[in-house]
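The block underneath contains the structure these notes are about, expressed in structure tokens.
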Amino acid sequence: MGIKFELFHQEKDTSARLGKLTTRHGEIETPIFMPVGTQATVKSLTPEELKEIGAQIILANTYHLYLRPGSKLIAAAGGLHQFMHWDRPLLTDSGGFQIFSLSELNQITEEGVYFKSHIDGSRHFISPEKSMEIQMELGSDIVMAFDECPPYPSDYNYVDKSLELTLRWAKRSKEAMTAEDQALFGIIQGGIYPELRQKSVEAMVEIGFPGYAIGGLSVGEEKELMYQVLDFTTPLLPTAQPRYLMGVGTPEDLIEGVLRGIDLFDCVMPTRIARHGAVYTSRGRITVRNAEYERDFTPLDEQCNCYVCRNYSRGYIRHLLNRKEILGIRLTTYHNLHFFLALMHQVRLAIKRDQLLEFRKEFYRNYRI
């Protein structure tokens with residue numbers, strides 16, 4: 001199986017739950033947010049800094065690592081953990097989402113996908129079997145089945161056909177995943193259509209996986225629609241396996257997802273906006289590089305006790321960002337990831353006390369979306 005998942009507490013008035021996910025590289029307290037390390041690095045931070053802010057697991061990208069530097073080179077280095085100096089759990093996605101969103105597609109076939117690299121136009125082919133081969137060479141703890149993520153909006157017939165292909169690919173992914181110390185998660189698709197989501201859950205559970213991911217959300221639909229899909233889909237999933245909501249992760253999304261029974265999240269948002277001079281605070285998101293912060297000598301967030309907020313001011317960080325100093329991006333990235341991981345710690349405490357609804361009310365009272 002590759003993992004062991006234990007549930008410790010189910011909140012009384014919501015679907016929120018506390019658990020522990022055990023992998024060969026350590027334990028993960030859930031619910032948890034996973035920083036994204038697309039190219040085998042969380043941009044601008046060292047592994048030691050990630051541990052310092054409480055990162056328990058990070059995500060790496062199969063598509064990008066397959067293209068550069070290549071999974072066989074990483075395998076020769078001893079696997080992704082050794083290659084990137086990270087001794088805690090790792091999750092790799094299947095590469096499917098990036099193939100469909102970044103590359104120039106040539107053809108989707110029953111066998112797999114022919115595409116051109118977004119880097120140099122070189123031609124490639126990835127099938128469920130190839131995706132599993134790459135992820136086994138990377139050596140991640142959690143592996144994702146190869147799937148098609150239909151764009152939004154897509155009509156019912158297209159999503160239905162796409163789902164059927166994803167289900168066939170899921171079976172092939174499971175057959176090809178032969179590494180016993182890696183856990184393969186199935187991905188629930190079906191767009192915004194409840195009957196297709198139900199069909200996906202039932203078929204994936206019949207195939208049988210140690211964990212399930214909900215894909216195809218946060219791809220352009222309104223938040224309320226995303227929450228409606230979660231309201232319908234999450235209760236259909238087995239309670240004994242971890243539930244992962246893929247690519248979703250603003251602070252409000254984390255809280256709303258946990259309330260609906262989600263255990264794992266990932267999103268590039270905290271690191272991406274940090275590179276553009278924006279940070280999350282307990283009162284909402286601000287763009288600290290803006291002129292209004294030039295003479296602001298307060299911390300990024302007076303409620304935050306991270307290294308950045310204890311030592312640097314908004315005015316100084318603004319100066320660094322506008323001078324294009326690397327330290328500016330390092331500081332905003334560090335703070336944003338600390339904010340997300342500290343938020344999840346607070347959420348776990350609230351669940352333990354059966355007070356997540358009260359925590360949510362207090363959070364929204366202060367936080368400007």
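A few remarks follow.
- Shape of the stretch 225-290, Cα gyration tensor, a/c cut at 1.5: prolate
- In terms of its C-alpha gyration tensor, the stretch 74-159 has a prolate overall shape, because the principal axis ratio a/c (a ≥ b ≥ c, square roots of the eigenvalues) is not below 1.5 and a/b outweighs b/c.
- Of the peptides 295-301, 339-345, 13-19, the ranking by mean beta-carbon count within 10 Å, highest at the top, reads 339-345, 13-19, 295-301.
- Accessible surface computed residue by residue for the stretch 229-302, with neighbouring protein chains in place and a 1.4 Å probe, gives 37 Å² per residue.
- Of the peptides 161-169, 65-73, the order by per-residue mean of other Cβ atoms within 10 Å, starting with the highest, comes out as 161-169, 65-73.
- Each 5 Å bin from zero up to the one holding the largest Cα-Cα distance in the stretch 312-369 carries the following percent of pairs: 4, 16, 17, 17, 13, 12, 11, 7, 2, 0.
- With every protein chain in place, the chain: carbon and sulfur % of accessible area (1.4 Å): 49 percent
- Of all DSSP-defined beta bridges confined to the chain, some 50% are antiparallel rather than parallel.
- For the stretch 1-81, the solvent-accessible area works out to 41 Å² per residue, with a probe of 1.4 Å and every protein chain left in place.
- Lysine pairs with alpha-carbon atoms under 28 Å apart, the stretch 1-141, spacing 8 or more or separate chains: 15
- Listed peptides 278-287, 236-245 appear in the order 236-245, 278-287 once ranked by packing, highest mean of other Cβ atoms within 10 Å at the front.
- Reach of Lys161 by Cα under 18 Å, taken over aspartates and glutamates that are not fewer than 8 positions away in the same chain: Glu110, Glu111, Asp147, Glu148, Glu195, Glu202
- Relative contact order, whole percent, for the stretch 15-71 stands at 31, derived from Cα pairs under 8 Å and 6 or more residues apart.
- Among Thr62, Pro47, Phe5 the positive-end extreme of the charge dipole of the stretch 5-151 (Cβ point charges): Pro47
The values are calculated or read from the model by the stated rules, or taken from the named source; none is laboratory data. Being a predicted model, the structure only gives us computed values, none of them experimental. Every residue, glycine among them, receives a Cβ derived from its backbone with ideal geometry; neighbour counts consider all protein chains shown. When the accessible area is computed, the model is the full protein with side chains, heavy atoms only, and any ligands, DNA or RNA have been set aside. Shrake-Rupley method; radii C 1.70, N 1.55, O 1.52, S 1.80 Å.
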